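Participant: The structure under discussion is supplied below as structure tokens; questions concerning it will follow.
The values are calculated or read from the model by the stated rules, or taken from the named source; none is laboratory data. All figures in this text were calculated on a predicted structure; none of them were measured in a lab. Virtual Cβ from ideal backbone geometry, glycine too; neighbours counted across all protein chains shown.
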Amino acid sequence: MFSEKMEQALNQQVNAELYSAYLYLAMAAYFHAMNLNGFANWMMVQNQEETAHAMKFYHFINERGGRVKLAQIDQPTSAWSSPLDVFEATLRHEEKVTGLINNLVDLAMAERDHASNAFLQWFITEQVEEEASANEIIQNLKLAGNDPHSLFMLDRELATRVFTPPAA
């Protein structure tokens, strides 16, 4: 069992992860509307990853004897000015999530909740990967500029991404 404060913070993270999934679904819809199906695929995989992250928190709360309390999910933005704008928003969002995870680690350490701290270490590593992935695509989009051939090639590359469920 963990403290009420830790349980509440973990429940807030379930909501944050579900919001992330919802945001990436909105981004996928944006790309589908532009007929950039590879970009849309990348975002759909991102949606699946964030849903899996939410479920990891869900199961952890239950395993520790807590109670999952779902909250309303805010409506995400649905309009961007360009693919670059979408991925810059993605990076900003992932940086925000990194901050949320870091705050959870800080709380776990303050509460001397070693089990939660150990659980959260997976997310620390995951966030490094999330930020790096978004940043790589930003750099590719900046290199591509307004060249439609480069955008087409990047779209084809992003179409190859597949969802791999996280290890238990």
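Participant: Across region 137-158, what is the total count of residues that are part of a helix (DSSP H, G or I), over 22 Å from the mean Cα position of the chain (by Cα) and without any contact (Cβ under 8 Å) to a residue 12 or more places away in the chain?
Facilitator: Of the residues in that region, 7 qualify.
Participant: Being touching a His at 6+ places or on another chain (Cβ under 7 Å) and either modelled with pLDDT of 95 or more or buried (at least 18 other Cβ atoms within 10 Å of the Cβ) (or both) narrows it down to one residue among Glu17, Glu95; which is it?
Facilitator: None of the others qualify; the one that does is Glu17.
Participant: Somewhere in region 13-33, is a residue within 20 Å of Ala110 (Cβ to Cβ) and of a type in the set (A, V, I, L, M, F, W, C)?
Facilitator: yes
Participant: For region 9-33: of the residues being without any contact (Cβ under 8 Å) to a residue 24 or more places away in the chain and farther than 17 Å from Glu88 by Cα, which is nearest to the chain's Cα centre (by Cα)?
Facilitator: His32
Participant: Quick one: in region 47-73, which of the residues that are more than 29 Å from His114 (Cα to Cα) and surrounded by 12 or more Cβ atoms within 10 Å (Cβ to Cβ) is nearest to the chain's Cα centre (by Cα)?
Facilitator: Checked region 47-73; the qualifying residue nearest to the chain's Cα centre (by Cα) is Asn47.
Participant: Every residue in region 95-123 that is among the aliphatic types (A, V, I, L, M) and touching a residue at least 24 places away in the same chain (Cβ under 8 Å), please.
Facilitator: Of everything in region 95-123, those that are among the aliphatic types (A, V, I, L, M) and touching a residue at least 24 places away in the same chain (Cβ under 8 Å) turn out to be Val97, Leu100, Ile101, Leu104, Leu107, Ala108, Ala115.
Participant: Quick check: anything in region 72-88 β-branched (Val, Ile, Thr) and part of a loop (DSSP other than H, G, I, E, B)?
Facilitator: yes
Participant: Name the pairs: first residue in region 40-52 and farther than 13 Å from Ala26 by Cα, second residue of a type in the set (S, T, N, Q) and surrounded by fewer than 18 Cβ atoms within 10 Å (Cβ to Cβ), Cβ to Cβ under 9 Å, at least 6 apart or on different chains?
Facilitator: Glu49/Thr164
Participant: Another question about this same structure. If I go through region 95-117 residue by residue, how many of them are in a loop (DSSP other than H, G, I, E, B) and of a type in the set (Lys, Arg)?
Facilitator: Residues in region 95-117 being in a loop (DSSP other than H, G, I, E, B) and of a type in the set (Lys, Arg): 1 in total.
Participant: Please work out which one of (1) under 24 Å from Asp155 (Cα atoms); (2) surrounded by fewer than 18 Cβ atoms within 10 Å (Cβ to Cβ) is the condition Ala110 fails and give its number.
Facilitator: Going through (1) under 24 Å from Asp155 (Cα atoms); (2) surrounded by fewer than 18 Cβ atoms within 10 Å (Cβ to Cβ) one by one, Ala110 breaks only (1).
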